[in-house]
Amino acid sequence: MAIVKMNKLSFIGLSDDKDLIIRELMNLGVVDITDISHIADEDEWKGMVKKFKGGDELLQIESDIQKIKSAIDYLQPYDKRKKTLFKMKRSLEYDEYTSAVNESALIWDVVHKIDEYESQLSLMRSEENKLSNQIAALNPWKPLLIPLELASTETTVITAGVVPASLDSKSLVDDLSSNVPESHIDIINSDKDQLYVLVIYYKKLEEEVQNVLKRHGFSKISFKGMSGTAEDIIKKLESQILSISKKRVEIKNSIEALADKKDILEVYYDHLTIERDRLAIVDRMLKTDRVFILEGWFPAEYGDKIEKTLKSKFDCIMEIRKPEEDEETPVLLDNPRLVQPFEAITEMYSLPNSKEVDPNTLMAPFYFIFFGMMVSDAGYGLLMSIITGILLIKYKFEGLLDKLLRLLFLGGISTFIWGALFGGWFGDIVSAVTSGRYSIPPLWFNPMNNPMKLLICSLILGAIHLFVAMGIQGYKKIKEGKILDAIFDTGFWYIFLIGLGLLLLGGTAGTIGKYMAITGAVLLVLTQGRSEKNIIKKFTKGVLSLYDAVGFMSDVLSYSRLLALGLATGVIASVINAMGTLIGFNPLGIIVLIIVFIVGHVFNLVINALGAYVHASRLQYVEFFGKFFEGGGKAYKPFKVNTKYININNGRIQ
Amino acid sequence: MTHWYDFLISGNFLALLGAALAVIFAGLGSAKGVGLVGEAAAGVVTEDPGKFGQALLLQALPGTQGIYGLLTAFVILNKIGIVGGTPVELTSLQGALLFAAAMPIAIVGYFSAIAQARAAAAGVGIIAKRPQELAKAITFAAMVETYAVLALLGSILMVFGIKL
């Protein structure tokens, strides 16, 4: 349970050395540089110091990073190498890194080529769309055997067009032939919306024909710029589409040929982000004409190293000091390896602030116990631990994912222990499969047979959890020097509540409990109103404070979920087993059994592990943290080499 | 004399009715709830498909009431020997007791699933803007779940406690 002590660095260096110093700080990788640029706006400093202005260089590098990134993403599907389930960073020697970075001409060439191919492909896509639209428009005219450009002869006009299909086609034909006998109409094709018609008529009768056609909702279709029959044109268009798809294959092959450049692009991407970080960090600093100023926090143990490195290489002024009384520092937690996974749970609530107790070591054992109790199946526990164990050994994860997997691994162990205690092995699988002849007896007791016993255990665990929380509250008061407050608010409550607990047991312990409870209650009534001036108010407030015992009771009852969720796992598992063995032990039955077991138990495991995670967290957040935890700490984020794709061995970048 | 409606006061019928209502109402509530969160989740995933996993987690939360209902039904069926054992002939009183025992999870399950879904759907709004605050979104929904868990506990303890 430790929050790492931080010291503050204030540093003034020559502007000429700035880039080198920033590199050095990045290689040290321990200083969390504070943003002090706002000081330049304060009246007392105005004119003395200036902000750094974000330059074009930064914008340029940002846009370069975007370009490289999109090239990498574009190459991703073409990378035919076997992909692992989780992408790990590659390790690189420093000279491999520099030689890759020096290939920038080649890299930009690749990026431009990919850009070019990409725009070609999208052009082709739109061309292809256009062609297939044209084909779709021409398709209905396929049965028309005259060339489409033919619009008239010496004395006749030839018009193609559509009329709505709702129309009675016969009436159109009749109407036209009766009104304008010197005409001919052909129905070329029809679909559910339209009739496709061809009309031929004597030139001089244009007006009459148009009148009839208009009545029937005719609209003309022009085949401008097309020559040949519809069928010929369609064939031509189709061959164009074919040649486009051939060309596309060519382009895709050329892209595929570039796929092996992805690695070097990734190195370059990381190189650029490192450069970007160096440029961007300057925004947090201040400058005068000749010098620049920075401030930052670092874990106290690195003080000597920082001082030695910077002083030996540069002309500078630096000061290292401890935080002042009311100064918040960035928070870095330093816990034993076993406790680290539980930091993930706390961090999702809030990081502790730099002046309080790190609750992780105290909450870890409870989370461990609660999680296991709520899943409580030895088979599920083994499964969880084995799967997460294999993943953890095979891959090297970082950050939150690593913590969560380790949390599940530990949760699996706890689940296994509780499962063995309660006799749950994939529910009652052994007795279900052997029709009750064999079963694995619980090491302790089966909660299905005696739920009250487990309920009491859950509540006792809850009470202990709450007592620990109250203890931390008391410890905080002692640390602040309010020893009396700690005794009155924590000590007396302990006496009162333990007394009440013993009272429930009855017997001799009950008698002791009775007196403890009475003593506690009297002490509480006398002390809880101490902040009031008026004697009557003192008394009433003291009496009313006893009402908090109700709050404590309801907190304790909240732990009954340990029982409920634990039972839920066991009962659902036995439902699955009952369903699986329903058909019996013939060949078909065994297949059904295996499928039902696998699907059912995986479902049950996932749902219950999720439930256990959620409710174990809730017990910490609401019941435990609620008593003492302030939170609101800012995470310690040192200025260091941050990469996405590669790790450079020994981490130094010149 | 026997009447056609005599089955209404048969113990086995009442017990089964209780079990059925536990499954029906808790399941209805969960179905409504999971659907409600799903709608909100789909909106977020349209914007950012990468949030599917987080959204799914929130969607799963109001689904537990349905499971609790089934669980209670199973405990009742197990008790009266319809599943895994020889069926027991119940008196009307025993049937009515089992019926009563099923009510907490049936009723609280229905309403808590929907209330929890509202909290979870609002939580989907949290992850839309601040995906790193998923745990807080889950905690808000889990606060509601407490009452479903308590109802389940009540139901189960009652069933276990009834002497046949």
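No value in this document is a laboratory result; all are computed from the given coordinates. Keep in mind the model is a prediction, meaning the values are calculated, not measured. Cβ placement follows ideal geometry from the backbone for every residue including glycine, while neighbour counts extend to all protein chains displayed.
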Expressed as an acute angle from 0 to 90° and rounded to the nearest 10, what is the orientation of the C-alpha long axis of helix A:340-349 relative to the principal long axis of chain A?
70
How do A:Glu325, A:Glu250, A:Glu347 line up, fewest other C-beta atoms within 10 Å first?
A:Glu325, A:Glu250, A:Glu347
Quick one: Cα centre-to-centre distance for region A:365-391 and region A:479-501, in angstrom?
36
Would you pull out the residues with amide H under 5 Å of A:Gly424's amide H, same chain only if 5 or more places away, H placed 1.01 Å from N?
A:Ala378
Pairwise label distance in nanometres, A:Lys644 with A:Ile317, each label 7 Å out on the Cα-Cβ vector:
4.1
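Hey, with R₀ at 22 Å, roughly what FRET efficiency would A:Lys69 and A:Ile244 work out to, going by the Cβ-Cβ distance, to 0.05?
Working: r = 29 Å, r/R0 = 1.32.
Efficiency for this residue pair is about 0.15.
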Mind sorting A:Leu9, A:Leu145 by how few other Cβ atoms lie within 10 Å of their own Cβ, fewest first?
A:Leu145, A:Leu9
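Per-residue ellipticity at 222 nm for chain A, helices alone: DSSP H runs ≥ 4 residues times -39500 (n - 2.57), over residue total, nearest 500 deg cm²/dmol? Numbers along the way, then the final one.
On the way: 22 runs with 369 residues, N = 654.
Only helices count here, giving -19000 deg cm²/dmol.
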Would you please give the residues with an amide H less than 5 Å from that of A:Ser190, counting only those at least 5 places away or on a separate chain, with H modeled from the backbone geometry?
A:Tyr196
By the gyration tensor of its Cα atoms, with a ≥ b ≥ c the square roots of the eigenvalues, what is the shape of region A:244-299: rounded for a/c under 1.5, prolate for a/b over b/c, or oblate?
prolate
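Please work out how much length the chain gains when fully extended from A:Met553 to A:Tyr438, using 0.36 nm per residue of separation minus the C-alpha to C-alpha distance, in nm with one decimal. Provide the component values of the computation, followed by the final result.
Numbers: separation 115, 0.36 × 115 = 41.40 nm, distance 4.18 nm.
Result for the pair: 37.2 nm of gain on full extension.
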Assuming R0 = 56 Å, what is the FRET efficiency of A:Ile594 and A:Glu103, from their Cβ-Cβ distance, to the nearest 0.05?
0.55
Which shape class, rounded, prolate or oblate, goes with the protein assembly as shown when its Cα gyration tensor gives a ≥ b ≥ c as root eigenvalues, a/c under 1.5 marks rounded, and past that a/b bigger than b/c marks prolate?
oblate
What FRET efficiency do you get for A:Ser122 and A:His184 if R0 is 56 Å and r is their Cβ-Cβ distance, rounded to the nearest 0.05?
0.75
Checking B:Leu14, B:Leu90, B:Leu28 against a Gaussian network model of chain B (alpha-carbon springs below 10 Å), the top fluctuating residue turns out to be B:Leu90
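Of all GluC sites (Glu not before Pro) in region A:1-68, which ones are in loop regions per DSSP and have a Cβ with at most 12 other Cβ atoms within 10 Å?
Working: sites: A:Glu24, A:Glu42, A:Glu44, A:Glu57, A:Glu62; in loops: A:Glu42, A:Glu44.
Qualifying residues, ordered by number: A:Glu42, A:Glu44.
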Mind checking the angle between helix B:92-129 and chain B's longest principal axis? C-alpha axes, 0 to 90 degrees, to the nearest 10.
0
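Cα convex hull of region A:52-203: mean projected area in nm², to one decimal?
Numbers: hull surface 83.2 nm².
Orientation-averaged projected area of the Cα hull: 20.8 nm².
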Residue-ordered couplings for region A:291-308, obtained by feeding phi - 60° into the Karplus form 6.51 cos²θ - 1.76 cosθ + 1.60 and rounding to whole Hz (Gly and Pro as x), are 10, 10, 10, 9, 10, x, 10, 8, x, 3, 4, 8, x, 4, 4, 4, 4, 4
Acute angle (nearest 10 degrees) that the helix A:104-138 long axis makes with the longest principal axis of chain A, alpha-carbon atoms:
50
Loop sites in region A:73-107: GluC sites (Glu not before Pro), DSSP, at most 12 other Cβ within 10 Å
A:Glu93
Using alpha-carbon coordinates alone, the radius of gyration and Dmax of region A:150-222 in Å work out to 11.4, 36
If neighbour count is taken as other Cβ atoms inside 10 Å, put A:Glu343, A:Glu128, B:Glu145 in order from fewest to most.
A:Glu128, A:Glu343, B:Glu145
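Please work out whether region A:369-496 counts as rounded, prolate or oblate from its C-alpha gyration tensor, where a ≥ b ≥ c are the square roots of the eigenvalues and a/c under 1.5 means rounded, while otherwise a/b larger than b/c means prolate and anything else oblate? If you can, show how the numbers build up before the last one.
Details: a/c = 5.77, a/b = 1.52, b/c = 3.79.
Here region A:369-496 falls in the oblate category.
Can you give the extra length, in nm with one decimal, that the chain gains between A:Glu62 and A:Ser91 once fully stretched, where that is 0.36 nm per residue apart less the Cα-Cα distance? Please report the intermediate quantities before stating the final value.
Working: separation 29, 0.36 × 29 = 10.44 nm, distance 2.47 nm.
Contour length minus the Cα-Cα distance gives 8.0 nm.
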Assuming 0.36 nm per residue, please report the length gained on full extension of the stretch A:Ser169 to A:Asp41 beyond their Cα-Cα distance.
37.8 nm
